[in-house]
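All remarks here apply to the structure that follows.
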Amino acid sequence: MENIHGKNFFKNMARLALPIAMQQLLVSCAQLVDTAMVTSLGNVTVSAVGVSSRWIFLMNLFYFGISSGSAALISQYWGAKEKTNIRKTCGAAMVFSLCVAFIFCFLMATFPEQLARVFSNEEPVIKEAAKYLRIVAFMGIFAAFNQIACTVLRATEKVNPPLFSSIIAVAVNTTLNYVLIYGKLGMPELGIRGAAIASLISA
């Protein structure tokens, strides 16, 4: 009997853990796509994307903290079949995440050059980073919804939808980067703006 339960335990653990691990890998890869795709545009552009990504990373840290705390509560409520508390926790997490999103959205859209100066003192890099930040600023709102939705799904043992959405997001981001950065398929060549638009759409 113990062996049967042991096998079921490891089977269930693999069923839940592997899709989550793969999704996290895809999320990490997605953050590197913009940098990899703009390498041919020169060091200034690559540095600008790197500077901008630090603010996006900081924003995602807030989301991670909120979603981690929410996941701990939701998983307990899911085990106890307390759906009302799941909805309350989800609502509170969404409110907190959107508050963070609006703060970062306002700062990145309104003061992009000042934010870029925190991590760089090179004017060409600052100007390019400002172009990127003004566009991806609005990505934070969509990312907040996405992060909390994925957290709720994973905490309630629905791990495949977040994985599939991440696969689609990475595919869309990579494709749009290629099309918009380099001006393929009849689209204008937008450079770093194209990378920002691709990230915004795929969010």
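Just a few scattered comments:
- Placing a pseudo-label 7 Å from each Cα along the Cα-to-Cβ vector at Trp78 and Phe138 gives an inter-label distance of 3.3 nm.
- Think of the chain as a dipole: +1 on every Lys or Arg Cβ, -1 on every Asp or Glu Cβ, centred on the Cα centre; then among Leu32, Asn160, Ile141, Asn160 lies furthest on the positive end.
- Rolled with a 1.4 Å probe across the full set of protein chains, the surface gives Met22 an accessible area near 100 Å².
- Taking every protein chain into account, the 1.4 Å probe leaves Phe145 with about 100 Å² of accessible area, to the nearest ten.
- Kyte-Doolittle mean at least 1.0, axial Cα span of 30 Å or more - DSSP H helices of the chain: 83-110, 160-182
- Solvent accessible area, Å² - Arg54, 1.4 Å probe, full protein context: 120 Å²
- Considered as an equivalent ellipsoid built on the Cα gyration tensor, the chain has semi-axes of 36, 20, 13 Å, the largest given first.
- Working from Cα pairs under 8 Å separated by at least six residues, relative contact order for the chain is 28 percent.
- Inter-label distance for Ile168 and Lys11, nm, one decimal - labels placed 7 Å from Cα along Cα-to-Cβ: 3.0 nm
- Dipole magnitude for the chain: computed about the Cα centre from +1 point charges on Lys and Arg Cβ and -1 point charges on Asp and Glu Cβ, it is near 620 debye.
- Which of Lys81, Lys88, Lys184 is most accessible, then next, and so on - probe 1.4 Å: Lys81, Lys88, Lys184
The values are calculated or read from the model by the stated rules, or taken from the named source; none is laboratory data. Since we're looking at a predicted model, the values are computed, not measured. All Cβ positions, even for glycine, are placed from backbone atoms using ideal geometry, and neighbour counts span all protein chains on display. Areas reflect the complete protein model, heavy atoms only, side chains present, ligands, DNA and RNA absent. Shrake-Rupley method; radii C 1.70, N 1.55, O 1.52, S 1.80 Å.
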